[in-house]
Amino acid sequence: MQPRWILAAAVGLGFAILFLFLGLWQLERLDERQSRNAAIIARSDEPVRPLAGLIADHDGDEERLPHRRTTVIGTYRANEEFLSIGRVYGDVVGTLVVTPLDLEDGSVLMVVRGIAPSGIAGPPAVGYEVPRGPVTLEGLIGEGEAPLRIGEADPPSGTIESISRIDLAYIDTWIEGDVLPFTLLLDTQSPPSAAEPTRIPPEELSDGSHLGYAIQWFAFAVIAVVGVVALLRRAARNEPTAAASEGPDPLV
């Protein structure tokens, strides 16, 4: 077989192997997503527990707290409330309202109160003021958000008023006290505010597009293998023709 046929077959097989691994990788991603979805459903179905009890039950491992329902008692820091404009949650579009809450143990919890209409004045969000004094809250523990690559600009006044992402590490540098590494997605509050922002809708859980991508990569792998087989058959047919065209060895 001529070197060019061998090279072409090797390249085709290389692509087939690559496509196969990409398909398997997508199936692995699908399994990870399904496992995460199952964990979220199981956690959110657990009974509501006080935050201190949840932390104790999980030996202080705060990474195991998100997506569980909890209750807390504390006092809002209305003067340190901040907004995050241009947020989209499903069909809900507006400005995210986040208010720090002082807990009894001295720590500070970022309470994501919900979404107010776009263009709202504040902070504090006008028309959505929090009550003074102790409040009892119930909601879902959230994970915060990853920071932007370009980072957040330092607030000129030294107090956060507007932020792009709920980056808890960044917030901790500007909020006095020990900011907890998770948020509370508010559901109910007692006593209630005069008006409440629209609550954050539950996260939509799905398998995503991983299975479809896996099928595509496997199809590409099959096409590559079929192409290699066709190439080898063509090369096999051409070999006798090439040999015949050379003719018999000349007599010496």
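What follows draws every value from the coordinates through simple rules; no lab data is involved. Note that this is a predicted model, so its numbers are computed, not measured. A quick note on method: Cβ atoms are made from the backbone with ideal geometry, for glycine too, and the neighbour counts reach across all protein chains shown.
Figures for the structure shown
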| read-out | value |
| --- | --- |
| Mean ellipticity per residue at 222 nm, deg cm²/dmol - from DSSP H runs of n ≥ 4 across the chain, formula -39500 (n - 2.57) | -12500 deg cm²/dmol |
| Cα→Cβ-extended label distance, 7 Å offset, between R237 and D91, nm | 5.9 |
| Shape call, the chain: gyration tensor on alpha carbons, a/c limit 1.5 | prolate |
| Relative contact order (%) - criterion: Cα under 8 Å, at least six apart; region: the chain | 26 |
| Mean Cβ count within 10 Å, highest first, over the residues of peptides 173-182, 104-113 | 104-113, 173-182 |
| Under-5 Å amide H pairs with E145, H placed in peptide plane, nonlocal only | I166, D167, L168 |
| Spin-label pair A10/E161, simplified geometry with 7 Å Cα→Cβ offset, distance in nm | 6.6 |
| T173/S35 FRET efficiency (R0 30 Å; Cβ-Cβ; nearest 0.05) | 0.35 |
| Modelled FRET efficiency - R0 30 Å, A146 with I223, Cβ distances, 0.05 increments | 0.20 |
| The range 48-190, relative contact order in percent, only Cα pairs under 8 angstrom and at least six apart counted | 28 |
| Nearest-0.05 FRET efficiency for S118 and D154, computed from C-beta distance (R0 22 Å) | 0.30 |
| Euclidean distance between Cα centres, the range 9-77 to the range 157-228, Å | 12 |
| Gyration tensor (alpha-carbon) shape descriptor, the range 79-126, a/c threshold 1.5 | oblate |
